[in-house]
Amino acid sequence: MHHSSKVTIGLILRTFFMALIVFLTLYPFIYMIAVSLSESIYVMKNEIWFYPKGLNFKMYGLVLKDERIFTSYRNTIVYVILGTSLSLILTSLSAYALSKKDRLVFASFFNIMMLFTMFFSGGMIPLYLNVRDLGIYDTLWAVILPPAISAWNLIIMRTFFSVYPVEIEESGRLEGLNDFGIFMFLVLPTSGAIMATIGLFYAVGLWNSFMGPFLYLKSQSKYPLQIVLREIVLQGSNFNNDVVSVGDEIVREDSLKYATIIISVIPIIAVYPFIQKYFVKGVMIGAIKG
């Protein structure tokens with residue numbers, strides 16, 4: 001059967017708006033890359049739009065030659081790996097328990113308390129006092145414990161487990177497994193999509209984390225990447241002429257700033273294509289049918 005494709009005004013408008021959204025999403029990155037790879041003279045003349053002029057990697061060299069960069073990269077990777085692992089463990093265990101409303105004692109109370117935290121919080125000062133009184137101030141635990149469980153991520157994962165096929169769980173119970181055994185050996189191995197999705201959310205949050213480490217860390221040797229990059233940008237800034245002096249180099253502040261941004265986002269962007277297929281499946285939490 002031959003299907004004729006018709007070009008309609010609606011199709012043209014949808015294509016135009018989709019292309020516009022893609023352009024508006026990508027252009028800031030294209031512009032930052034172009035500026036960071038251009039000679040300072042062209043940047044100061046505002047001649048950079050889509051591609052670099054006077055191609056050079058001087059800005060990236062200035063950022064990467066700072067010895068703090070590699071230390072902060074290592075710290076950030078440690079925080080992301082440990083923090084994401086801990087968050088997935090705590091969130092998955094909590095979500096699976098909360099999804100069993102018919103068997104969990106005080107399930108409604110726990111669900112209400114979880115929702116309560118989404119709208120109300122103690123604030124920055126009580127959280128700081130908790131971190132200090134727990135004895136984890138200026139340690140890696142101060143970075144990964146406070147954001148260990150996100151109520152929103154917990155709700156997403158709880159919804160996923162609530163529609164999980166009951167037949168699989170009942171088959172495990174017939175084999176003598178308890179709830180923890182069912183979760184570990186049956187549910188978890190078949191929940192890769194939601195685990196990858198929530199893991200990506202936590203990993204991105206930890207990678208971009210700034211306020212928590214800024215408040216709870218005082219040792220520079222423990223600073224994550226975001227704090228160090230901020231210090232590199234602010235160090236030696238001259239806000240009168242918008243020029244930064246880095247050693248013997250006089251460079252445009254925007255060039256240095258955009259180079260640091262690109263360095264900070266490239267690793268997390270590079271990871272996304274490898275888990276994209278799981279991410280798409282994970283957000284479609286209603287796709288599992290009993």
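Laboratory data are not the source of any read-out in this text; all were calculated from the coordinates shown. In this text the structure is predicted, and so the values were computed from the model without any measurement.
Here are a few things to note about the model shown:
- Solution diffusion estimate, µm²/s, Stokes-Einstein, the stretch 1-75, Kirkwood Rh from C-alpha pairs, 20 °C, viscosity 1.002 mPa s: 134 µm²/s
- Calculated [222 nm] ellipticity per residue, helices only, for the chain: -20500 deg cm²/dmol; basis is -39500 (n - 2.57) per DSSP H run with n ≥ 4, divided by all residues, nearest 500.
- Cα gyration tensor shape of the chain, rounded if a/c is under 1.5, else prolate or oblate by comparing a/b with b/c: oblate
- Equivalent-ellipsoid semi-axes for the stretch 181-231 (Cα gyration tensor, √(5λ), whole Å, largest first): 34, 12, 7.
- Within the listed set D66, D179, D138, the residue fluctuating most in the Gaussian network model of the chain (springs between alpha-carbon atoms under 10 angstrom) is D179.
- Whole-number D in µm²/s for the stretch 74-174 (Stokes-Einstein; Kirkwood sum over Cα pairs; 20 °C, 1.002 mPa s): 138 µm²/s
- Distance from the stretch 202-219 to the stretch 144-193 (C-alpha centre basis), Å: 29 Å
- Length added when fully stretched, F106-M118, from 0.36 nm per residue minus Cα-Cα: 2.4 nm
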